[in-house]
Amino acid sequence: MEDCLFCKISKGEIPSNKVYEDEEIMAFYDINPAAPIHILVIPKRHITSLAEIEKKDEVLIGKIYSVINQIAEEKGFKQEGFRVIVNCGKNGGQEVMHLHFHVLAGTKLGEKIV
Ligand code: 5GP
Ligand code: ZN
């Protein structure tokens, strides 16, 4: 999608500090980390938000969680634990309108809402 920040990052048009990439999924460090380790995992194909996920995306979403697990293993925070957050829409506080999974790790995370 034109003018989408994360589409541009997924195409390499905007540089990012890449953690993982395959044909469908990409992961890179958040520019403004909220934890010692803060990685964003995105589908390369533009999906606006969690609310836009369709039946055909089910395998892709499952694969994203598998990739998160793989990153946790490779980056060494799987054992200590981590948190995955998806902000959706206005009330969810989503700012970049391209589906992304925040992966937070490296400390005991505070401000637990649920
Ligand atoms: P949201 O608030 O939409 O759930 O999360 C958007 C995230 O994208 C924020 O944590 C923000 O720091 C991150 N972000 C915004 N612009 C950029 C950028 O240009 N590069 C990277 N790596 N992260 C970004
Ligand atoms: Zn996009």
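Throughout, read-outs are computed from the coordinates displayed, never taken from laboratory work. Predicted model only: the values in this text are computed from it and were never measured. Every residue, glycine among them, receives a Cβ derived from its backbone with ideal geometry; neighbour counts consider all protein chains shown.
General remarks:
- When you filter the trypsin sites (Lys or Arg not before Pro) in the range 1-35 for DSSP loop state and at most 14 other Cβ atoms inside 10 Å of their Cβ, you are left with 11.
- Helix 58-75 axis versus longest C-alpha principal axis of the chain: approximately 40°, rounded to the nearest ten.
- When 66, 10, 49 are arranged by Cβ crowding within 10 Å, least crowded first, meaning fewest neighbours, the order is 66, 49, 10.
- GNM top mover of 79, 70, 94 - the chain, alpha-carbon springs below 10 Å: 79
- Pair-distance profile P(r), taking every C-alpha pair of the range 5-103, with 5 angstrom steps and integer %: 3, 12, 25, 26, 21, 10, 2
- Length available on full extension from residue 79 to residue 111: 0.36 nm per residue minus the Cα-Cα distance, which gives 9.4 nm.
- For residue 78, the lysines whose Cα falls under 30 Å of its own Cα, not counting residues fewer than eight places away in the same chain, are 8, 11, 18, 44, 55, 56, 63, 108, 112.
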